[in-house]
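Following: one structure in structure tokens, then a few remarks.
The values are calculated or read from the model by the stated rules, or taken from the named source; none is laboratory data. Quantities reported herein were computed from a predicted structural model and do not represent experimental measurements. A quick note on method: Cβ atoms are made from the backbone with ideal geometry, for glycine too, and the neighbour counts reach across all protein chains shown. Heavy atoms of the whole protein, side chains included, go into the accessibility calculation; ligands, DNA and RNA do not. Shrake-Rupley method; radii C 1.70, N 1.55, O 1.52, S 1.80 Å.
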Amino acid sequence: MKEALECHPQALGAVPAREPRTRPAAQGCHPSRTEEGALTRRITVFGTGYLGTAHAACLAEMGFEVLGVDIDAARIAALAAGELPFFEPGLQPLLRKGLRSGRLSFTISYSDAAAFARLHFICVGTPQQDGSYEADLSHAARCVNTLAPLLRAPCLVVGKSTVPVGTARIFAERLAQISPAGQDCELAWNPEFLREGHAVQDTMRPGRIIAGVRSARAEAMLREVYASQIAAGTPFLVTDLATAELVKVAANAFLATKISFINAMAEVCEAAGADVMALSGALGHDARIGGAWLRPGLGFGGGCLPKDIRAFMARADELGAGQALSFLREVDAINMRRRARTVDLARELAGGSLRGKLAGVLGVAFKPGSDDIRDSPALDVAATLHGLGALVSVYDPVALEAARRACPELNYAGSATEAVRDADVTLLLTEWQEFCDADPEELGKVTARRAIVDGRGALDPARWRAASWTYRTL
Ligand code: UGA
């Protein structure tokens, strides 16, 4: 892990020569009144993905002056023009409102950003490394290494990205070493728990705020930032840096485990002739277990859960605690078996072979409410069907463009009806409401055969069977 952090700022050369800020910083007023309040009135947010853009737009909505920063000039230009480069319900209006108010602006200039504020949030991505379970920390390291030499006044840098435990300590040392402000350039860790598709709501009203800090000053600054959430009753938990990092990965590991647990039960139910939906419902009535994240189906995907449990295992191995997380290997394996089982069911319904068969796929996003196809179980299944010789026709309400770029070999349809036209087998792989509401009689009129795999257990089997469909679910 350490090596990943040791990229020297000069070697990274990330700051372009011409760095116009796309809008001048506004001189708005802000509710904060304490000494820390003066320091938190202006905030920068590095990284403008789902996390960073939601954080920046919500902070502006809360009354702060915010400068969003990214090394991707095209993305910054789009955001500055009020265009969201991805699908996230409710975020575009907030972005535009922030821009109109003058409280939200964007830049590619690290030096403008360093001069703009005393409080800097790091929200860059930490994807899985190619060919390894480890997290790729190069974006975060580049951000710290490029920003630090520009920080001349006392300031607080706050990490929100999901990182392996121990990263924050190394970043803190690096900041103090290479920033002109020295020890006055402090680091805190404040992990983010937002879900894609609910980013605005989860940012404005988080379930809890974790403040991993090393000083009372850092805690006070974070309390200023989150004053409205704290006033609304959100628990504000103060920890050390390592615990803060761990809260995030442990939460994602637990959610992944819950999903794989119910999917393991689905395997047993299938063998025993039991009903996993009824089982899941019954388990959920136990308040100690809870019904959330206990929906059996095609399993978890996306840019977070899969890579986070793998990076967690890799880090635990480095720490000599690998055995403690060996169960996550099984969680991952159960999850991947769901995809294989879905393909098996499609093959069965297609009469034993997929070669030359037409498969109509409904949904490719990793979950409804998102256009994210990173590690999408749905897209993985669609690509596997294609690999097995099927002609695959795909429809998704928002993720088609992203899927087309990632898997150009599939056919992309303009509607659900078009996707299933002449299909020998239909698969529901992302439970968008429009698919759940679809009329099985109408869809059945255009398919070659009325056979459906419900990969998400989202359809009403009685309704589909009543319309003469052969209905199979995981
Ligand atoms: C997840 C966490 O829920 C967030 O708290 C966290 O902040 C985020 O990762 C992150 O690390 O940034 P997200 O990736 O948006 O959020 O997705 P989830 O809503 O958690 O869903 C993950 C996957 O699990 C999806 O593919 C979904 O279809 C699947 N899932 C979810 C199930 O298969 N069964 C369930 O019961 C619930």
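A few comments on the model shown:
- Distance violations [Cα-Cα > 27 Å] among Lys97/Lys307; Lys248/Lys367; Lys97/Lys248; Lys258/Lys367; Lys258/Lys357; Lys307/Lys357: Lys97/Lys307; Lys97/Lys248; Lys258/Lys357; Lys307/Lys357
- Three-way shape call for segment 282-356 based on the alpha-carbon gyration tensor, with the a/c threshold at 1.5: oblate
- At most 16 other Cβ within 10 Å, DSSP loop - trypsin sites (Lys or Arg not before Pro), segment 294-376: Arg355
- Fully extended contour minus Cα-Cα distance, from Arg195 to Ser132, at 0.36 nm per residue: 20.2 nm
- Counting 0.36 nm for each residue step from Val238 to Cys436 and taking away their Cα separation leaves a gain of 67.0 nm.
- Longest to shortest principal axis, alpha-carbon extents of segment 240-474, angstrom: 60, 40, 30
- Between helix 50-61 and the chain: long-axis angle, C-alpha atoms, 0 to 90°, nearest 10: 50 degrees
- For segment 262-364, carbon and sulfur atoms together expose 60% of the accessible surface, with a 1.4 angstrom probe and every protein chain in place.
- Apportionment of accessible area to carbon and sulfur, segment 35-239, percent (1.4 Å): 51 percent
- Furthest towards positive pole of dipole, Ala181, Phe171, Ser109, structure part segment 35-239, Cβ charges: Ala181
- Gyration tensor verdict on the chain (Cα atoms; rounded if a/c is under 1.5, prolate if a/b is larger than b/c, oblate otherwise): prolate
- Proximal charge balance of Ala256 [Cβ under 9 Å; K/R count +1, D/E count -1]: -1
- For segment 240-474: relative contact order, % (alpha-carbon pairs under 8 angstrom, 6 or more apart): 17 percent
- Here's the list of aspartates and glutamates a cross-link from Lys445 could span, going by alpha-carbon distance under 14 Å and ignoring same-chain residues fewer than 8 apart: Glu418, Asp422, Asp424.
- Residues Thr257 and Arg404, FRET efficiency given R0 of 41 Å [Cβ-Cβ distance, rounded to 0.05]: 0.80
- For segment 233-294: rounded, prolate or oblate by the Cα gyration tensor [a/c cutoff 1.5]: oblate
- Solvent-accessible surface of the chain, averaged per residue with a 1.4 angstrom probe and all protein chains in place: 41 square angstrom.
- Separation of segment 263-288 and segment 216-231, taken as the distance between their Cα centroids, equals 42 angstrom.
- Net length gained if the chain between Ser353 and Thr470 were fully extended (0.36 nm per residue, minus Cα distance): 40.4 nm
- Nearest-ten-degree value, helix 167-178 long axis tilted from longest Cα axis of the chain: 30 degrees
- Here the chain is assigned +1 on the Cβ of each Lys and Arg and -1 on the Cβ of each Asp and Glu. Its dipole about the Cα centre then comes out at about 560 debye.
- For the chain: relative contact order, % (alpha-carbon pairs under 8 angstrom, 6 or more apart): 11 percent
- The chain - share of DSSP beta bridges that are antiparallel (%, nearest 5): 5 percent
- Spin-label pair Glu318/Thr417, simplified geometry with 7 Å Cα→Cβ offset, distance in nm: 5.4 nm
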